[in-house]
Amino acid sequence: IQSHNINCPKFKVRREGHFFFPPSSNFSKSLLPAEMDVSDSHSQKSSPHSILDAEKVEKKPGGWRAVTFILGNETLERLGTIGLLSNFMVYLTRVFHLEQVDASNVINIWSGFSNLTPLVGAFISDAYVGRFKTIAFASFATLLGLVTLTLTASLPQLHPETCNSKDPVSCGGPNKLQFGILLLGLGFLSIGSGGIRPCSIPFGVDQFDQRTEEGIKGVASFFNWYYMTFTVVLIITQTVVVYIQDQVSWIIGFSVPTGLMACAVVMFFAGMKLYVYVKPEGSIFSGIAQVVVAARKKRKMKLPAEDDGTVTYYDPPVKDSVLSKLHHSNQYRFLDKAAVIIEGDLTSEGVPANKWRLCSIQEVEEVKCLIRIVPVWSAGIISLAAMTQQGTFTVSQALKMDRHIGPNFEIPAGSLSVISLLTIGVFLPLYDRVLVPFFRRITSHKSGITLLQRIGTGIVFAILSMIVAGLVERMRRMRSINAGDPTGMTPMSVFWLSPQLILMGLCEAFNIIGQIEFFNSQFPEHMRSIANSLFSLSFAGSNYLSSLIVTTVHKFSGGHDRPDWLNKNLNAGKLDYFYYLIAVLGVFNLVYFWYCAQGYRYKVGLQMGGFEEDKSFSDVEMSSKKQLK
């Protein structure tokens, strides 16, 4: 301890340069070998006897034995929820007899709400109850939602009367009770999403000791298995489950996902004795608020243009739960005032007297990370809005096209998105093995291109997808009008929709995966629950934006005896104009994204571990020619 120039008495404070380092038992403890750390959460063993005390104990990492139950629960849960909702546009139009605009708005508004609730779930989990109990409660909410929606298909009183008309929207719609029960089921699913989405990945990561090489490899392998099972689930739900719903029975098609969700709940609780339970340490949102408030209270303070050592900052050792210490940056220096020590800020023990007046450099830099990411995050919303059309108007187009493969088999309209999934599955290995090494030789960047360049490429593919979608819809409408079929059916193969879906698959391969990696790499490790919530928030924004565009176009595009673009009769409307509108918005969004990316500075920090700190650098700027390894 003396070799590190730290005074043993707790009330002492050491000053080095212009930073204050108050002594900390946590920092002193980090100097000891791992096996001597008696307060190590990974060396304490005990078993929870109930859900109520599950988060109060810590135990040896469950490793892959525990993760097996978590992945099994996740797979069955996604099979249940995605399986029930993958064909929901068809269910709303055929069974509930909603017009396509109304059905689209129901899906978009509900999806947006479901992507907002993870923010609440992340806050409750981190601040109060922990991840296990959050997932447990959310699983029951999801099961209740699936049971409710299954009842809307099973009980005649909970859906409109069956209509034999070839045009379902000409039949009577749902009454208030039927529509209310439908929304109730969707509400339960949103509550379930709020608890499961932000906690499932972190809870799986909790099962590994990331201070060991084996634990680090385990986490990397866990991500691979997680996304592999997610892709498999999507393919199964978009084919088998959708086929059952479309060709066999809606009751069976909804009952199967509900049964799978019930199995997921049982499997989750079966692994209780194996899980690692990490105690909630308080929400990161309160830390963000403290930095903002502390900086505002010291807003009249003047900081030197350059850091010349005349100002003393509060920079204690980071907590054991923090894996990387962030460098003090010169961006957004008005926030640095929150870490400036003035008279009365520290107690005699060297700790802040009021956390709403003094924060650490680490806490300030974490808020800066969030501020840097927000402009880039906002630019992803419009490109995601283009993706949401796959589950709404693309399905409406498919219903009016020839979906037969051979004389007896008809492809369900909701299964077409499998084309995008297959595109991702084929392209990603090609990208990793061929394109990345090729670009690496050109750019000298370890990933071939930067994360922001990857996201920008995805935005370009989203624009191209909407342009192609408009061209295909124009051709479909012309052929359908020339055919003169009174039902609006088009003598045109549904595979004409493949080009736009392939382009959208490429958009996902670049944009979505790029965003996931970007958010998880640019946030500090202990803030990754926010990163996952922010990604969900992107989808929420895209859903609400899509709903706003649909409602506005439907209301104002018609008039003077002309039908609106999104008329329930596709041949009378101008759906291609709607696709072109999204493409134009995408072009403006691409310019905005380019502007944000030009000034973005990647996170730079020190990796904390054992006896050493390894420097970890990323690109300083997207436009920088000199890349730091």
request  = Kindly list, by first and then second residue, each pair from a residue in the range 545-567 that is in contact (Cβ under 8 Å) with a residue 24 or more places away in the chain and over 16 Å from Q389 (Cβ atoms) to a residue that is open to solvent by less than 50 Å² (accessible area, probe 1.4 Å) and not basic (K, R), limited to pairs with Cβ atoms under 7 Å and residues at least 6 apart or on different chains.
outcome  = none
request  = Being open to solvent by less than 20 Å² (accessible area, probe 1.4 Å), touching a Lys or Arg at 6+ places or on another chain (Cβ under 9 Å) and under 27 Å from T93 (Cα atoms) is the filter here, so list the residues in the range 195-252 that pass it.
outcome  = V233, T237
query = Within the range 256-274, how many residues turn out to be crowded, with 21+ Cβ neighbours inside 10 Å, closer than 15 Å to V67 by Cα and modelled with pLDDT under 90?
reply = 1
key: Matching residues, the range 493-523, being under 12 Å from S420 (Cα atoms), under 22 Å from the mean Cα position of the chain (by Cα) and open to solvent by less than 10 Å² (accessible area, probe 1.4 Å)   = L501, M504, G505, C507, A509
inquiry  = Please count how many residues of the range 326-339 are more than 18 Å from I288 (Cβ to Cβ) and either touching a strand residue (DSSP E or B) at 6+ places or on another chain (Cβ under 6 Å) or in contact (Cβ under 8 Å) with a residue 40 or more places away in the chain (or both).
reply    = 1
inquiry  = Being assigned to a helix (DSSP H, G or I) and either among the aromatic types (F, W, Y) or closer than 22 Å to S546 by Cβ (or both) is the filter here; which residues of the range 68-93 pass it?
reply    = F69, T81, I82, L84, L85, F88, M89, V90, Y91, L92, T93
ask   = V340 is checked against (1) at pLDDT 85 or above; (2) farther than 19 Å from K368 by Cβ and fails just one. What number does that condition carry?
value = (2)
query = Taking the range 377-434 as the search range and keeping residues that are of a type in the set (K, R) and modelled with pLDDT of 85 or more, which one is least open to solvent (accessible area, probe 1.4 Å)?
reply = R403
message = Can you list the helices (runs of 4 or more DSSP H) lying wholly within the range 436-511 that have 2 or more residues being more than 30 Å from K603 (Cβ to Cβ)?
response = 451-483, 498-507
request  = All but one of (1) in contact (Cβ under 8 Å) with a residue 60 or more places away in the chain; (2) closer than 27 Å to F88 by Cβ hold for P491, so report the exception by its number.
outcome  = (2)
remark   = By residue number, the members of the range 549-581 that are over 32 Å from the mean Cα position of the chain (by Cα) and not in a loop (DSSP other than H, G, I, E, B) are F556, G559, R562
query = Just to be sure, is D307 modelled with pLDDT under 90, within 17 Å of E363 (Cβ to Cβ), among the acidic types (D, E) and open to solvent by 20 Å² or more (accessible area, probe 1.4 Å)?
reply = no
query = Looking at L189, is it surrounded by fewer than 21 Cβ atoms within 10 Å (Cβ to Cβ) and modelled with pLDDT of 75 or more?
reply = no
ask   = In the range 279-299, how many residues are assigned to a loop (DSSP other than H, G, I, E, B) and either in contact with a Lys or Arg (Cβ under 6 Å, 6 or more places away or on another chain) or within 20 Å of L346 (Cα to Cα) (or both)?
value = 2
query = Conditions: (1) open to solvent by 10 Å² or more (accessible area, probe 1.4 Å); (2) under 16 Å from M261 (Cβ atoms). I135 meets all but one. Number of the miss?
reply = (1)
Scan of the range 532-548 for residues that are of a type in the set (A, V, I, L, M) and either within 22 Å of I455 (Cβ to Cβ) or outside any helix (DSSP H, G or I) (or both), ordered by number = L534, L537, A540, L545
task = Please find, among I361, I284, the residue that is of a type in the set (A, V, I, L, M, F, W, C) and more than 30 Å from E77 (Cα to Cα).
result = I361
request  = Tell me, please, whether a residue that is under 24 Å from the mean Cα position of the chain (by Cα) and at pLDDT below 90 can be found in the range 479-489.
outcome  = no
query = Within the range 525-555, which residues are buried (at least 22 other Cβ atoms within 10 Å of the Cβ) and either among the β-branched types (V, I, T) or farther than 25 Å from S190 by Cβ (or both)?
reply = I530, V550
note = Log entry, pairs with first residue in the range 372-400 being farther than 13 Å from N511 by Cβ, second being among the aromatic types (F, W, Y) and at pLDDT 90 or above, beta carbons closer than 8 Å, six or more apart or on different chains, reads Q389/Y579; F393/F578
message = Tell me yes or no: at least one residue of the range 286-304 is open to solvent by 20 Å² or more (accessible area, probe 1.4 Å), in contact with a strand residue (DSSP E or B) (Cβ under 6 Å, 6 or more places away or on another chain) and either acidic (D, E) or at pLDDT 90 or above (or both).
response = no
Identity of the residue in the range 68-91, of a type in the set (S, T, Y) and at pLDDT below 85, that ends up surrounded by the fewest Cβ atoms within 10 Å (Cβ to Cβ) = T75
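The values are calculated or read from the model by the stated rules, or taken from the named source; none is laboratory data. Note that the structure is predicted; figures quoted are calculated from it, not measured. Neighbour counts are summed over all protein chains in view; Cβ atoms, including those assigned to glycine, are modelled from backbone coordinates with ideal geometry. For the accessible areas, the whole protein counts, side chains as well, though only heavy atoms, and no ligand, DNA or RNA atoms are used. Shrake-Rupley method; radii C 1.70, N 1.55, O 1.52, S 1.80 Å.
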